[in-house]
1. Given Gly240, Gly215, which one is of a type in the set (Gly, Ala, Ser) and buried (at least 20 other Cβ atoms within 10 Å of the Cβ)?
2. Mind listing whichever residues of the stretch 197-233 are under 30 Å from Arg261 (Cα atoms) and over 14 Å from the mean Cα position of the chain (by Cα)?
3. Test each condition in (1) in contact (Cβ under 8 Å) with a residue 24 or more places away in the chain; (2) under 30 Å from Lys151 (Cα atoms); (3) part of a helix (DSSP H, G or I) for Thr86 and report the one that comes out false.
4. Checking Glu62 against (1) modelled with pLDDT under 75; (2) loosely packed, with under 12 Cβ neighbours inside 10 Å, which single condition isn't satisfied?
5. Just the residues that are surrounded by 11 or more Cβ atoms within 10 Å (Cβ to Cβ) and touching a residue at least 12 places away in the same chain (Cβ under 8 Å), please, taken from the stretch 115-132.
6. Among (1) among the polar types (S, T, N, Q); (2) at pLDDT below 85; (3) loosely packed, with under 15 Cβ neighbours inside 10 Å, which single condition is Gln190 missing?
7. Filter the stretch 10-30 down to residues that are open to solvent by less than 50 Å² (accessible area, probe 1.4 Å) and modelled with pLDDT of 75 or more and give me whichever is nearest to Arg261 (Cα to Cα).
8. Just name the residue that is farthest from Val158 (Cα to Cα) out of those in the stretch 193-212 that are surrounded by fewer than 15 Cβ atoms within 10 Å (Cβ to Cβ) and touching a residue at least 60 places away in the same chain (Cβ under 8 Å).
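The values are calculated or read from the model by the stated rules, or taken from the named source; none is laboratory data. Just so it is clear, the model here is predicted, and its values are computed rather than measured. All Cβ positions, glycine included, derive from the backbone under ideal geometry; neighbour counts span all protein chains shown. Please note that ligands, DNA and RNA were not included when accessible areas were found on the heavy atoms of the full protein model with its side chains. Shrake-Rupley method; radii C 1.70, N 1.55, O 1.52, S 1.80 Å.
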Amino acid sequence: MLKEIEVYVNRLYQHAAGNKKEIKELKDEMRSHLMEAVHELKQEGKSEQEAVHLAIERFGGEAELQLIIGQLFQAQRVFAKRVLYTAIFFLVASLLTIFIIWVDELGNNHENRAIADRISDLLGTQSSITADQQEHIKQLAQSAGQIASIKVYKLDKVERENGFHTEGVIPDYQYDTSVPIFEWMDYYYQRNQEWFIHIKSRHFSGIFDAVLVGGLTAYIVLFTIWAIINAYHHRRLNTGWIIVFTLFNAVGYIAYHLIRRKARLNAAS
């Protein structure tokens with residue numbers, strides 16, 4: 001009786017790919033149900049062989065059960081992989097976006113300084129700005145896509161004992177363009193003893209923060225879900241590990257994996 005049931009159960013799970021411990025537990029549970037059914041049928045007067053065949057027949061069609069079991073394990077594996085891959089995508093995408101923004105910011109800052117240098121060299125020590133020079137400054141601003149405004153002041157108009165103050169001071173020259181979709185950052189340059197230059201340039205601080213917080217949050221949540229699924233399949237999930245996965249993420253899962261591996265080695269020895 002036991003041999004026939006064992007053969008039947010093993011046949012059902014022969015194509016099930018997944019956690020070995022979980023599969024063994026499911027097989028033990030199925031075997032136990034079949035044994036109970038056989039025992040009840042024998043009490044009803046059936047012979048052992050009849051009871052075994054009838055219990056297996058009542059349990060369900062072998063081919064259908066194999067298909068259901070295979071689909072169940074396949075669905076679990078696919079879902080867990082998709083969660084992990086999506087988590088990694090959010091992590092990589094957010095870090096890549098942040099890197100691109102950082103490189104763009106460095107480029108903008110470098111170009112702003114270069115434009116301030118060129119304006120300072122253009123004006124030199126003269127006391128006023130000519131129409132040709134104003135047109136030149138305008139072209140410099142337009143050639144740099146990140147600049148929203150350039151204001152040029154005589155240094156003695158804005159210089160104070162405790163710094164420079166442009167509020168309420170009319171610039172000697174001002175160029176403005178309206179691009180309302182970005183956050184702006186003010187840059188101030190004193191390039192010689194005659195002129196003070198104020199540049200308002202595109203800035204990505206808000207976008208940087210949104211990408212960093214949004215991307216890392218999505219990664220942490222999805223990775224935690226994946227770690228919880230794995231721990232559940234290993235029959236080792238508890239509230240403590242959920243907290244560890246949430247707070248420490250990949251580091252927490254590595255710790256879980258090492259502790260689980262040590263426990264398996266101790267059990268084997």
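1. Gly215
2. Ala227, Ile228, Ile229, Asn230, Ala231, Tyr232, His233
3. (2) is the only condition that Thr86 fails.
4. Here Glu62 clears every test but (2).
5. If the condition is that a residue be surrounded by 11 or more Cβ atoms within 10 Å (Cβ to Cβ) and touching a residue at least 12 places away in the same chain (Cβ under 8 Å), then Ile115, Ala116, Asp117, Arg118, Ile119, Ser120, Leu122, Leu123, Gln126, Ile129 are the ones that fit.
6. (3)
7. Among them, the one singled out is Lys27.
8. Ile207
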